[in-house]
Amino acid sequence: MTIRFAVRGEFIQLDQLLKATGLCESGGAAHAAIAEGRVRVDGAVDTRKRAKLRPGQAVLFGGETVELVAE
């Protein structure tokens with residue numbers, strides 16, 4: 001399933017995105033998932049908790065794809 005997420009401002013941090021979309025129930029759960037290498041950004045594993053994501057990028061986690069779009 002694909003979720004379209006509108007980015008307010010220039011970027012959103014990866015951990016904040018996982019929490020805002022409901023894919024992780026807390027910041028701690030988001031940090032753990034990222035550190036364990038379970039999150040992909042544009043097809044590649046990304047372990048940077050505060051990676052700055054911008055519209056046009058896609059995040060894959062837990063069988064869900066999040067497409068970032070400009071607000």
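Computed from backbone phi, the HN-Hα couplings of region 55-68 come to x, x, 8, 10, 10, 10, 7, x, x, 10, 10, 10, 9, 8 Hz, rounded to whole numbers (Karplus: 6.51 cos²θ - 1.76 cosθ + 1.60, θ = phi - 60°; Gly and Pro given as x).
For ALA51, the residues 5 or more places off, or on other chains, whose built amide H falls under 5 Å of its own are LEU14, ASP15. When DSSP beta bridges are limited to those with both residues in region 2-70, what percentage is antiparallel, rounded to the nearest 5? For region 2-70, the DSSP antiparallel bridge percentage is about 60. Estimated from helical segments only, the mean residue ellipticity of the chain at 222 nm is -6000 deg cm²/dmol, where each DSSP H run of four or more residues counts as -39500 (n - 2.57). The 3J(HN,Hα) values that the Karplus relation (6.51, -1.76, 1.60; θ = phi - 60°) gives for region 20-27 are, in residue order, 5, 8, x, 6, 10, 7, 8, x Hz. Gly and Pro appear as x.
Distances between placed amide hydrogens fall under 5 Å for GLN57 paired with LEU68, all partners being 5 or more residues away or on another chain.
Fully extended, how many nm does the chain gain between ALA70 and ASP42 (0.36 nm per residue separation, minus their Cα-Cα distance)?
Using 0.36 nm per residue and subtracting the Cα-Cα distance, I get 8.4 nm.
A simple spin-label model places the labels of ALA35 and ALA6 3.5 nm from each other, with each point 7 Å out along Cα-to-Cβ. Against the empirical curve 2.2 N^0.38 Å, the C-alpha radius of gyration of the chain lands at a ratio of 0.95. The trypsin sites (Lys or Arg not before Pro) of the chain meeting both criteria, a DSSP state outside H, G, I, E and B (loop) and at most 11 other C-beta atoms within 10 angstrom of the site's C-beta, are ARG8, ARG50. Normalised by the number of residues in the chain, the average gap of Cα pairs under 8 Å and 6 or more apart makes the relative contact order 43 percent.
Each reported figure results from applying straightforward, stated rules to the coordinates on display, with no laboratory input. Because the structure is a prediction, the values reported are computed rather than measured. We place every Cβ from the backbone using ideal geometry, glycine too, and count neighbours over all the protein chains shown.
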